[in-house]
Amino acid sequence: MIQNNYQGALQHPIGTGFNAHSTTTEVIKGIDLTGKVAIVTGGNTGIGLETTKTLAIAGATVIVPARDLAKAEKNLQGIAGVEIAEMDMMDPASIDRFAGSFLSSKRPLHLLINNAGIMWVPLRLDERGIESQLATNYIGQFHLTAKLWPALRQANGARVVNVSSLGHQMSSFDFDDPNFRLRSYETLKAYGQSKTASNLFALELDNRAKAFHVRAYSVHPGSIAGTELAREASVELFQKLGFLNEEGKIRPEVLATLKTIPQGAATTVWAATSSQLSNIGGVYCEDCDIAELLPPDTSHTQQHQSGVQQYALDEQSAKRLWTLTEEMTGIQFTVS
């Protein structure tokens, strides 16, 4: 019996009955989360807000760490069962404070949704010299999960969901120069690298944590209308990607593929709660199912419209990245 998803051993659709059009309301139907505790980073905007609402309506207590408390309070107003706390994914001390405060409550953590992320920004470095998309989209996930590990283990049945992206196809992880010190900065490559790292983290975390009844997943939410994620991207960048025409207007064929926010959050909610994944972990999911494993594409020149690249599920890369991340952050994440 296959026990892990290294090299994509478990990476094939299972026929869930859901699809790209399924919504959070559909995938949560019949699921009772009363007594469960969840943390949703970035849970006050976009698909994170929809995820928070869905889990809370199903009965969970949802903690939303946010950089802008006033904005979070405004966006989450009126949702029962939600707690707001301060945290900045780019600030290691802030992550430590949040995690320490949660652990002091002695509560188990049943669901950790690593949803917060940034996209397509200029070259910026955090205080450790880590490129900002890598720091936010992956390093912050690793740091927070490591600090919350005692609460995840205490739950005796927990899930960690990393919100990744089809954008992982833009780049594998560059172990020689992850922070663009030796190469020219390309925001799309930086974004792709950060999402590949998130996939590799879920893969390795699941293999290490499953003995303690903690499973991990990475998910691609889809291309979604109405979020703030690409607020710093230029018109030229969207034209380069083929999303906009020469006049700067969205192409009709692109518009037709965009998901609504409830559709975009559905895969996250499904991965976090579905009994269909009870005995499967470490997989990359999309459209509320396990995604297809793509054939080898070592050139990275061809981006597919779905599926996961093999380099994002490579055992050696996953283990190497874990060690490198411990070195970059000074955080020893021992799963025991």
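The values are calculated or read from the model by the stated rules, or taken from the named source; none is laboratory data. Because the structure is a prediction, the values reported are computed rather than measured. Glycine also receives a Cβ, built like all others from the backbone with ideal geometry; neighbour counts cover every protein chain displayed. Heavy atoms of the whole protein, side chains included, go into the accessibility calculation; ligands, DNA and RNA do not. Shrake-Rupley method; radii C 1.70, N 1.55, O 1.52, S 1.80 Å.
Brief remarks follow.
- For residue 67, nonlocal amide neighbours, meaning residues 5 or more places apart or on other chains whose placed amide H falls under 5 Å from its own, are 87.
- Within the straight-line cut-off of under 23 Å between alpha carbons, the lysines reachable from residue 249 are 240, 259, sequence neighbours fewer than 8 places apart in one chain being disregarded.
- Rounded, prolate or oblate (a/c below 1.5 giving rounded, otherwise prolate when a/b exceeds b/c) for segment 141-192 by Cα gyration tensor: prolate
- Amide H contacts of residue 224 (H built 1.01 Å from N, under 5 Å, at least 5 apart or other chain): 259
- Per residue solvent-accessible surface (Å²) - segment 1-150, probe of 1.4 Å: 42
- Within straight-line reach of residue 36, meaning a Cα separation under 17 Å, sit the following lysines at least 8 residues removed in sequence or on another chain: 53, 106.
- Structural size metrics of the chain, computed from C-alpha coordinates, are Rg and Dmax of 18.4, 56 Å.
- Cα gyration tensor, segment 103-175 - rounded (a/c under 1.5), prolate or oblate: prolate
- Per-peptide average of other Cβ atoms within 10 Å, ordering 202-214, 83-95, 50-62 highest first: 50-62, 202-214, 83-95
- Screening the chain for whole DSSP H helices of 15 Å or more along their axis (Cα) with average Kyte-Doolittle hydropathy at least 0.0 returns 46-57, 92-104.
- Treating each Cα of segment 60-134 as one equal point scatterer and applying the Debye formula with no solvent, the log10 of I(q)/I(0) at q = 0.13, 0.15 Å⁻¹ comes out as -0.48, -0.63.
- Per-pair calculated FRET efficiency, R0 = 22 Å: residue 68 and residue 319 via Cβ, rounded to 0.05: 0.05
- Per residue, the convex hull spanned by the alpha carbons of segment 1-105 comes to 177 Å³.
- DSSP finds beta bridges in the chain, and of those with both partners inside it, around 15 percent are antiparallel.
- Rounded if a/c under 1.5, otherwise prolate or oblate - segment 57-190, Cα gyration tensor axes: prolate
- Each Lys or Arg adds one and each Asp or Glu subtracts one; over the other residues with Cβ under 12 Å from the Cβ of residue 7, this totals -2.
- As a length-normalised measure over Cα pairs under 8 Å and 6 or more apart, the relative contact order of segment 1-69 settles at 28 percent.
- Of all lysines in the structure, the ones whose alpha carbon falls short of 25 Å from that of residue 319, not counting any fewer than 8 places away in one chain, are 147, 189, 195, 210.
- For residue 175, the accessible area of its heavy atoms, probed at 1.4 Å with every protein chain present, is near 40 square angstrom.
- Across the accessible surface of segment 92-158, with the other protein chains kept in place and a 1.4 Å probe, carbon and sulfur atoms take up 52 percent.
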